[in-house]
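These notes concern the structure reproduced below.
The numbers here are math on the coordinates, done by the rules we state, and not lab data. Just so it is clear, the structure is predicted and the values come from calculations on it, not from any experiment. Every residue, glycine among them, receives a Cβ derived from its backbone with ideal geometry; neighbour counts consider all protein chains shown.
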Amino acid sequence: MPEAPYRELTVAAAVVGVLIGSVMTAAFVYVCLKLGFGLGGSTVAAILGFAVLKGVLGKGTIVENNINQTIASGVNNASSGVSFTLPALFILHASGKAEDFSVLPILLAALGGSFLGIVFIIPLRKQMIELERLRFPSGIAVASLLKSPGAGARQAKLLLGGFLIAAFFHVLVAMGVLHEEIQLGSYFGLPAYAPIALGISFASIGAGLLSGKGGLPFVAGGVLAWWVIAPVAALLGWMPSPEDLQLAETPEGFDSYLAWDVGYYAMLRPMGIGILIGGALSGVVASFPAVRAALSGLAAAAKAPGGGEEMSPKVMYVGIVCAFLVLFAASVLSSDQIGLGQAALTALVGTVWLALAGLIVAQATGMTDISPLSGMSLIGVTLMFFLSGGNVVTAIVLGIAVCIGIGQCADMMSDLKAGHLIGAKPKRQQMAQFAVAWVGVPIAIGVIYLLWSQGEGGMNGFGPMNPELSAPQGTVLAAIIESLQQGASPLDKYVSGGAIGLALGIYPIGGLGVLIGLAMYLPLYITLTYGVGCVTSIMLQKRNGARWMSDTLVPVAAGFIIGEALTNLTVVLVKLAAG
């Protein structure tokens, strides 16, 4: 009797992966708008996959669960790509800096970028993983989790427990029983420009728990902004006066509150933007050697034996052509002011830049697990802005494609690393992700539209007017585009911040400038809460060891993140239903 084939690429794995990825996409869009950076979903998907495939269905194998996490993380990839770019279009349109736009070109561009990211990275698998043996730390971590299926049911229960704890507290926040921001500094008589504040944010705590020591530079940026730069600026009298604000009389508490609020938007935020840009550019410069290695790998992959392990090169060629046509259509439909020649040029440059940036990001992720994704996307949007003749909608629409595609490159290669370590077949992983790459796109875009609709006139849905969902990456992008439009921006803050960000690139800590720039941009209560998670993670690891961290803390932290995000999204849906 012939032996039954080993379960790997199955309908069950595909369905479970799509469902988990869809939930994570909705949740992580919220997290991106709140914290300014995305989170990978492979670990969460692997834990839940064990619970469903093995615990419920009783048929799951290690490589089958690997297909599940590959699909789920591929679907979830759209959350970061959309959240980093699309909010800028809403913010600029609300302030009258961008023309009307429709959802169709956004969908087309996002879909084209998602597939381009996969086809560009397929030929590089053998070179990066088998020949260069790049580490891809996240892929190694997921492979370790996949190899221990016995712990899956226990970890799923821990994730559910974290989810319920976060959901309970954020329901109380939504009901007004608890306040999301706790101002501890007021008890000690501290002024507004030197606050001590914590937030009831389990997404921030969970992200800090997962980051541990690696998240401390982010916390350091917040401390630098609020406990060093802010007090010095206030003591030196750099805060606006009533005359600067054209006020008839001095409001009560002006010196400690109103002046500082204005000064924050006029000084700290622009400087944080500059540091973020400088840090991203330093990451790009540092990645130039990776460009040469990646391009050499592309040539070597075509000659290397074992072509049967990969999808056919024809898929890459056909995919590139089809995706280019989709981007061309998105450019044409994005604005009535874009001619066919401009649309073709922006689509071509967008495709080329996506390929180049994707190679850099995949290589950098393989070496350090940190990549200049936001910097690469920012440069891409700037290129599109000039090529489209200053058309904001076209620039951001094509930027969405670039950002999603770059992220897809890194995510696909990290998943292939995990598969390589557990003996999975690369072709099946590639086929699985290629088949579902489109699923997360409409979900992520839909959540952005949903959250934006909750603000008064859209202005408080997310962005600079809403400190709870400040959309740091999107606001940064909007500020840069606005400065390009008007030529009237705080260039001194951008330049000084950019110089600091570039200087931080000399430190052997990947992404240091980007982390510090983001922290300077965010309210302190978000940063300090994240820092509490980081410090707690460091202490727990020192006491219990790395194995306990991966088996126990990781699922609880993931539950915290998903619990807050889905609870708040549910509150939004309830408000919509209630009118």
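Amide hydrogen proximity for Gly461: with H placed 1.01 Å from N in the peptide plane, the residues at 5 or more positions away or on another chain lying under 5 Å are Gly455, Glu456.
Going by C-beta contacts inside 10 Å, put Ile406, Ile562 in order with the fewest on the left.
On the way: Ile406 35, Ile562 30.
Placing the least packed residue first, the sequence is Ile562, Ile406.
Arranged by the count of other C-beta atoms within 10 angstrom, fewest first, what order do Met539, Met128, Met465 take? Placing the least packed residue first, the sequence is Met539, Met465, Met128. Amide H contacts for Ile182 (H built 1.01 Å from N in the peptide plane; partners 5 or more residues away or on another chain; cut-off under 5 Å): Leu198, Gly199, Ile200.
Can you put His179, His93 in order, fewest other beta carbons within 10 Å first? Write down the numbers at each step before the final one.
On the way: His179 11, His93 19.
With the sparsest Cβ surroundings first, the list reads His179, His93.
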